[in-house]
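Engineer: Mind looking over this structure? Questions follow.
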Amino acid sequence: MRTIRIVSFAAALAFSVTPALALTGTFKTGVGNIIIWKNGKAMSEGISLISANVHKSSPQLVVPLVSCIVHAGDKFVPTDGGMFSSDVLIISGDESGCRGTVSNVYFDYDKESR
């Protein structure tokens, strides 16, 4: 009987939803389009290729690394945060539903979600 209670408690805890703790944000305005990379490794490789201007002569090397491109003002939910980049889920705009990694410099957290 005790095992059932512990399992029930663990299941209830795992599936509980705490929307008050979820942060939402908006991508900063004035920065143009923002690349959402497939993952952190793709972001690192893509930034290196763009820094070397490879994207101009061989865009086919960069495109597979991109999950989507969003616009300033689109909203997101961070799903895994890091110091310099975070995994996000896009929740508004043309690319709603897109997931990937992006630099934190583009974040502007919404005041009402804090």
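The values are calculated or read from the model by the stated rules, or taken from the named source; none is laboratory data. In this text, all values refer to a predicted model and were calculated from it rather than measured experimentally. Virtual Cβ from ideal backbone geometry, glycine too; neighbours counted across all protein chains shown.
Engineer: Got at least one residue in the stretch 11-30 being surrounded by 13 or more Cβ atoms within 10 Å (Cβ to Cβ), at pLDDT 95 or above and either under 12 Å from the mean Cα position of the chain (by Cα) or outside any helix (DSSP H, G or I) (or both)?
Structural biologist: no
Engineer: Still on this structure: Do you know which residues across the stretch 56-83 are closer than 21 Å to Val31 by Cα and either touching a His at 6+ places or on another chain (Cβ under 7 Å) or hydrophobic (A, V, I, L, M, F, W, C) (or both)?
Structural biologist: If the condition is that a residue be closer than 21 Å to Val31 by Cα and either touching a His at 6+ places or on another chain (Cβ under 7 Å) or hydrophobic (A, V, I, L, M, F, W, C) (or both), then Val62, Val63, Leu65, Val66, Cys68, Ile69, Val70, Ala72, Phe76, Val77, Met83 are the ones that fit.
Engineer: Ok, one more. Filter the stretch 41-91 down to residues that are small (Gly, Ala, Ser) and in a loop (DSSP other than H, G, I, E, B) and give me whichever is farthest from Tyr109 (Cα to Cα). Write out each step before concluding.
Structural biologist: Our first condition is that a residue be small (Gly, Ala, Ser); within the stretch 41-91, this holds for 42, 44, 46, 48, 51-52, 57-58, 67, 72-73, 81-82, 85-86.
Filter once more, so that each one left must be in a loop (DSSP other than H, G, I, E, B): 52, 58, 72-73, 82.
Values: Ala52: 32, Ser58: 35, Ala72: 13, Gly73: 11, Gly82: 15 Å.
The qualifying residue farthest from Tyr109 (Cα to Cα) is Ser58.
Engineer: I've got another one for you. Quickly run through the stretch 83-114 and pick out the residues that are out of contact with any Cys (no Cβ under 6 Å at 6 or more places or on another chain), modelled with pLDDT of 95 or more and among the β-branched types (Val, Ile, Thr).
Structural biologist: Of everything in the stretch 83-114, those that are out of contact with any Cys (no Cβ under 6 Å at 6 or more places or on another chain), modelled with pLDDT of 95 or more and among the β-branched types (Val, Ile, Thr) turn out to be Val88, Ile91, Thr101, Val102.
Engineer: A further question follows. Residues of the stretch 28-85 being aromatic (Phe, Trp, Tyr) and in contact with a Leu (Cβ under 8 Å, 6 or more places away or on another chain), which ones?
Structural biologist: Passing the criteria: Trp37, Phe76.
Engineer: While we're on this one: When Cys98 is evaluated against the numbered criteria (1) surrounded by fewer than 18 Cβ atoms within 10 Å (Cβ to Cβ); (2) under 15 Å from Thr26 (Cα atoms); (3) touching a residue at least 12 places away in the same chain (Cβ under 8 Å), which criterion, by number, is the only one it fails?
Structural biologist: (1)
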